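Bear in mind these aren't lab numbers, they're just calculated from the coordinates by the rules spelled out. Computed from a predicted structure; not experimentally measured. With ideal geometry, Cβ positions are generated from the backbone for all residues, glycine too; neighbour counts draw on all protein chains shown.
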Amino acid sequence: MLITPLYEVFPVPAGAAERRLHCCGLKALLNDSLTIRLGLRGGPATWRRFAHRASVELPDPCAFDGAWARLAIRIRRHPRWGGLGPGDDELWQRTIPAPILLHARAGRAPAGQLAVQWCVPEPPPPLDYRAEPSNGEIVAGEETTGLRLILPPVPAAMTRETGEIAEVSRSRRRHQQRLLTVGGLLREDSRVPYLRLSGRWLGALGFQEGNAIDVRTAPGRITLDVLPPVEEEPAPGQ
């Protein structure tokens, strides 16, 4: 996709305060109209479990390349997902590039509407991400194309004990945290909470059909432990 020429490009203000105000306007328009999504190269959207959100932010101080303001896309983990697995924080820091450079400029489209054009430059080494599309524009009264950031595959994780590189298996990561929804069942003319657990991941964790389960509860917490099998006592006379 090529950036179409603008009928008029708005000039960059001279004063520092006016420049920052100009960048704030670009940031607000992009955050209101540009949808940013994450994807994972060569696999499913692994980062969905981090409940990410991406937004356009201002660097400090504001800088320009000609009429293009140098903004940034920052990807953050949702605050309600603070308790992840032991290797997840390191995995996030090693893989999610922050910030991602975003150029933007304002002007008028050939038909005279207000327009904001944006582009994501090629990442400098060693960063490895891709923007689809790499550029676009927001024109008043027209449909806007979103931005999808394709991240590199999940990297190997370095163990703190030995410093050696070890591949983190996807099955292990999947078992660290799951998001369930509490439903409801009708019992004697009233509804009671209902929670369903099922899937191959239970078997991989040692929960097999017929196991006895020790259930322990606390406010806002349920702990499940597989009990060891009970040896049957021999019948009298055997």
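Net charge near P124, counting Lys/Arg +1 and Asp/Glu -1 over other residues with Cβ under 14 Å of its Cβ? Don't skip to the answer; put the middle values down first.
Values: positive: R70, R130; negative: E122, D128.
Counting the neighbours of P124, the net charge comes to 0.
Tell me which residues come under 5 Å, amide H to amide H, from L102 once H is placed; ignore anything under 5 positions away on its chain.
Hits under the 5 Å cutoff: L71, A72, I73.
Compute the length gained on full extension between D214 and R53: take 0.36 nm times their separation in residues and subtract their Cα-Cα distance, giving the result in nm to one decimal.
Gain in length upon complete extension: 54.2 nm.
Considering amide H positions built from the backbone, and no H for Pro or chain starts, which residues 5 or more places from T145, or on another chain, come under 5 Å of its amide H?
Under 5 Å from the amide H of T145 lie the amide H atoms of E137, each far enough along the sequence or on another chain.
For the stretch 206-215, in order, what is each residue's ³J(HN,Hα) by Karplus, 6.51 cos²θ - 1.76 cosθ + 1.60 with θ = phi - 60°, in whole Hz (x at glycine and Pro)?
Couplings: x, 8, 10, 4, x, 5, 8, 10, 8, 10 Hz.
Whose amide H sits under 5 Å from the amide H of D128, counting only residues 5 or more places off or on another chain, with H placed in the peptide plane?
So D128 has HN proximity to no qualifying residue.
Would you kindly give the portion of the calculated P(r) for the stretch 170-226 that falls above 14 Å, as a percent of all Cα pairs?
Tail of the P(r) past 14 Å holds 68 percent of the pairs.
Would you mind getting me the FRET efficiency between A204 and T181? Use the beta-carbon distance for r and R0 = 30 Å, nearest 0.05.
0.85
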